[in-house]
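Below is one structure; the comments refer to it alone.
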């Protein structure tokens with residue numbers, strides 16, 4: 001039975017502060033930003049409603065569309081590299097840690113360390129290590145016999161984005177590792193033991209028993225990676241600057257958004273187009289989240305029953 | 001038995017190798033921050049020796065930037081945001097877990113939007129709002145934004161835990177004539193592990209953030225440690241001693257917090273993930 005009538009005052013007191021702060025500093029600005037994306041400067045300097053004109057400008061007018069599609073393309077590649085490198089490595093590490101060998105909590109603590117550092121600091125550390133002036137990467141590459149492959153990776157258009165993606169993978173691999181590990185530990189020991197008694201190999205046990213049981217976590221990791229990647233900014237800004245060099249080769253939506261609404265060097269700040277870029281980012285992230293919650297999660301529930 | 005042995009050995013080998021990959025860049029930075037310029041370039045992999053040891057970088061740091069001030073700002077912003085997050089979120093979570101009322105589900109859903117939608121996407125609106133409220137270049141602006149950012153996940157985790165508190169306990173208190181506010185205070189210590197987890201997972205994103213300090217509080221008086229470090233690193237990019245010293249100092253606080261809160265952090269990541 002639902003209670004009717006006004007909500008008791010103490011419930012309002014409990015909910016009030018959280019709802020107020022959250023609404024004022026998160027939901028209202030988001031809505032304000034979406035509203036701004038449907039407006040532009042009028043002739044007399046005021047603000048006029050222009051509908052989806054800003055979005056059309058962003059998608060098709062050369063001056064806007066070239067950097068926009070470039071940033072979106074780069075961002076997709078950024079995400080693909082995370083999915084191909086970060087999450088499988090995280091899964092492998094989690095599977096090894098789940099074997100409960102001696103010292104596994106020490107390994108876990110060490111491997112998670114980069115994840116707790118600021119992206120700015122991580123970016124700078126790698127910038128130093130990859131800087132040919134210091135020569136750390138050249139020496140290390142020579143030791144493993146790949147010395148002739150060494151190059152100023154962050155400075156070349158062809159390699160900057162991939163290098164930055166891998167730095168980000170290096171930093172964030174701890175998150176999927178922790179999530180996969182938590183899921184693997186929840187699997188009852190009996191299941192794995194029974195298979196082992198039946199003579200199944202570790203490889204087979206992993207793919208036939210453990211992996212199917214942690215599929216919900218695979219989906220969660222994918223959506224968290226998606227949201228994190230399409231919202232990324234700091235790593236590129238800290239290592240390559242707001243212009244995401246060389247020649248915009250490492251520009252992603254976050255840096256493009258920053259330059260657009262904040263202005264940079266010769267480019268004046270434009271809150272209307274900035275909001276429009278944020279609007280597109282919001283749509284992209286919502287699509288990802290919706291696919292996850294209605295496609296993946298629902299199918300998982302059906303499998304479980 | 002033989003194959004079991006080799007599988008343990010190879011597990012150790014892979015984990016050890018990856019641990020080196022994870023830690024080596026950080027150690028290299030710390031080690032070299034204590035060496036003179038010649039040794040940094042001449043033998044970057046060596047530990048500092050009495051001959052090469054120097055604190056030059058740290059001296060440059062002390063004389064050319066207000067890192068004590070930046071550190072204090074970061075501390076005030078992070079601590080205040082965390083206190084606010086814990087208070088307002090636990091109150092909201094208590095209401096959502098304890099009472100049946102109209103809009104209960106709707107309120108829970110409304111508050112959970114922020115779990116997946118990054119607050120950054122509203123930056124243009126946030127900037128306009130902080131300008132209107134005269135909160136630009138104030139720590140209060142940052143504190144309120146980080147509180148708003150932290151509320152969704154905190155409410156979600158705390159609601160789950162508050163639902164598990166036995167009903168008998170609350171009913172007994174009610175029979176004794178305790179007010180609803182009193183009961184909330186009674187429940188709070190019982191969900192301490194959940195509060196710890198919320199604290200641990202909310203802490204580092206606030207401490208480590210660059211975006212909002214850069215946009216809303218770039219003034220010298222309100223710079224946070226990360227923004228201060230970022231500006232300093234950009235200016236002193238060719239002074240390796242100073243850069244390495246700044247990086248080392250910036251590494252320490254999160255590592256310190258991590259050592260204290262590792263257990264809560266791991267539990268928090270898992271609690272937030274089990275949806």
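Structure values in brief
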{"quantity": "Whole-angstrom gap from the range B:1-74 to the range B:79-153, using each part's C-alpha centre", "calculated": "37 Å"}
{"quantity": "Theoretical ellipticity at 222 nm over chain A - DSSP helices of four or more residues, -39500 (n - 2.57) apiece, nearest 500", "calculated": "-19500 deg cm²/dmol"}
{"quantity": "Percent of Cα-Cα distances greater than 35 Å, calculated over the protein assembly as shown", "calculated": "43 percent"}
{"quantity": "Per-residue Cβ neighbour rank within 10 angstrom, fewest leading, B:68, B:180, B:235, B:98", "calculated": "B:68, B:235, B:180, B:98"}
{"quantity": "Alpha-carbon Debye profile of the range B:1-131, log10 I(q)/I(0) at 0.15, 0.16, 0.17, 0.21 Å⁻¹", "calculated": "-0.97, -0.99, -1.03, -1.24"}
{"quantity": "Gap separating the Cα centres of the range A:54-107 and the range A:165-210, nearest whole Å", "calculated": "21 Å"}
{"quantity": "For A:159, A:255, A:142, B:248, order by how many other beta-carbon atoms lie within 10 Å, fewest first", "calculated": "A:142, A:159, B:248, A:255"}
{"quantity": "Equivalent ellipsoid, chain A (semi-axes from 5 times Cα gyration tensor eigenvalues, Å)", "calculated": "39, 33, 17"}
{"quantity": "Cα pair count fraction exceeding 27 Å, expressed as % - chain B", "calculated": "55 percent"}
{"quantity": "Value of relative contact order over chain B, rounded to a whole percent, pairs C-alpha under 8 Å and six or more apart", "calculated": "30 percent"}
{"quantity": "The range B:2-59: relative contact order in percent, alpha carbon pairs under 8 Å with at least 6 residues between", "calculated": "30 percent"}
{"quantity": "Taking B:24, B:58, B:240 and counting other C-beta atoms within 10 Å, the order from fewest to most", "calculated": "B:24, B:58, B:240"}
{"quantity": "Radius ratio Rg over Rh of the range B:1-58, counting only Cα atoms, Kirkwood formula for Rh", "calculated": "1.30"}
{"quantity": "Chain B: angle of helix B:2-32 to the longest principal axis, Cα-based, in degrees nearest 10", "calculated": "70 degrees"}
{"quantity": "Length-normalised contact order for the range A:53-304 - Cα pairs under 8 Å, 6+ apart - percent", "calculated": "26 percent"}
{"quantity": "Degrees separating the helix B:104-116 axis from the principal Cα axis of chain B, which is the longest one", "calculated": "10 degrees"}
{"quantity": "Angle in degrees between helix B:192-208 and the longest Cα principal axis of chain B, rounded to the nearest 10", "calculated": "40 degrees"}
{"quantity": "GNM result for chain A, Cα springs below 10 Å: residue of A:35, A:170, A:203 fluctuating most strongly", "calculated": "A:203"}
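FYI, it's all coordinate maths here, none of it is from the lab. What you are looking at is a predicted structure, and each value in this text was computed from that prediction instead of being measured. Backbone-built Cβ (ideal geometry, glycine too); neighbour counts: all protein chains shown.
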